[in-house]
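Nothing in this text is a laboratory measurement; each read-out follows from the coordinates by a stated rule. Since this is a predicted model, take the numbers as computed values, not measurements. Note: ideal-geometry Cβ built from the backbone for every residue, glycine included; neighbour counts use all protein chains shown.
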Amino acid sequence: MVEEVGQTLERRPESSSRRIRLCPECGGSRLMRDYDAAEVVCMACGYVVQEKIADTRPEWRAFDDEQRAKRARTGAPMTYTIHDKGLSTIIDWRDRPTGTKGVSADQRIELYKLRKWQRRVRVSDATERNLAVALSELSKLSSALSLPKTILETASVIYRRAIKRRLIRGRSIHNVTAAAIYMSCRQCGIPRTLDEIASVSTLNKKDIGRSYRFMLRELGMFVPPSANRNYAARFSNKLTISGKAEGIAIRILEIARQMKLTSGRGPAGIAAASTYIATVLTNERKTQREIAEIANVTEVTIRNRYKELLEKLMIEVPI
């Protein structure tokens, strides 16, 4: 097995500057590791720069993900979505250990006691209990909203910061977790509205918004405004319209943003109106009711934004 090293950078302990590892014979920087010969060789002149190197690769081979998961001897990576960050051990639920025929009744009782105390030890105080319940609620919301794992990780970090600042005391865990999900969606540019989160979590939209504004103020976090183009792309996918119509909708939103027409307007409403205009221009007509149901806005909102865009941008649509 040969691996090209290229320009290997090493940090000097006495300074913050870096130097490039070069061949001492010709000064070349293209080096390769030959694990079969246990050498580092210069690719320009063939000089052996280092010999008897250690092979840090695993001694087993895997040809698919299933084999790789079975043969790897390392645990799962650290994650913020579990209250102990996934660093604790779990006693298996099976009474028969691997490679043995069975266990006696006394051993089965002993295993039951060990599992019970292991569950109790994992959550030691009220703070960890609160964190365990909240992270479980975050996982449920993320799954119900079909959010990627990065959103769940970001929301977990936000909730941990809120617990560290003691902002959760006296407030509902469900409202704070919903606010953390909404904040992480805004930070990562995932189009999700408060109405969607409120409907999935069966909570009041005003309570979630109040918790969101409180956490935003106390944590001092910067949350960028929602991008209209993300909503337009999402609506286009749900409506199954062509890529040409989606591009026209995004172009309309870009021009409207440059003309300051999106200021003070809800991103979902103006994105729905631009999508409606794009479907009319490409002759892929969708009714305002269809777009309103997907965008979770009213038909009146779409009509008002539709008229504003046609008037300000001077767009002529076929009748």
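Counted by Cβ distance under 10 Å from A256, the other residues give a net charge of +4, where Lys and Arg count +1 and Asp and Glu count -1.
Altogether, the Stokes-Einstein calculation at 20 °C and 1.002 mPa s, with the Kirkwood radius of region 126-219 over Cα pairs as Rh, returns a diffusion coefficient of 167 µm²/s. At an R0 of 30 angstrom, the distance between the Cβ atoms of V121 and K70 translates into a FRET efficiency of 0.55. Relative to the longest principal axis of the Cα atoms of the chain, helix 267-281 runs at roughly 70 degrees. Rg and Dmax over the alpha-carbon atoms of the chain stand at 28.7, 83 Å. On a 0 to 90 degree scale, rounded to 10, what angle separates helix 299-313 from the longest Cα axis of the chain? For 299-313 against the chain, the angle is about 80 degrees. Given their separation in residues at 0.36 nm each and the Cα-Cα distance between them, R169 and S104 gain 18.7 nm when the chain is fully extended.
Charge dipole of region 126-219 (Cα centre as origin; +1 on each Lys and Arg Cβ, -1 on each Asp and Glu Cβ, all else neutral): 400 debye, rounded to the nearest 20. Given the C-alpha centroids of region 194-220 and region 273-315, what is the distance between them in whole angstrom? Rounded to whole Å, the Cα centres lie 28 Å apart.
Rounded to the nearest 500, the 222 nm mean residue ellipticity of the chain from helices alone is -16500 deg cm²/dmol, with -39,500 (n - 2.57) taken per DSSP H run of at least 4 residues. Out of P267, P24, P77, any idea which swings most in a Gaussian network model of the chain, alpha carbons joined below 10 Å? Highest fluctuation among the options: P24. Cys residues of the chain that find no other Cys beta carbon under 4.7 Å: C185, C188.
With q set to 0.11, 0.18 Å⁻¹, the log10 of I(q)/I(0) for region 228-313, from the Debye formula over equal scatterers at the Cα positions, is -0.22, -0.62.
A straight chain from R217 to N237 at 0.36 nm per residue would run longer than the Cα-Cα distance by 3.7 nm.
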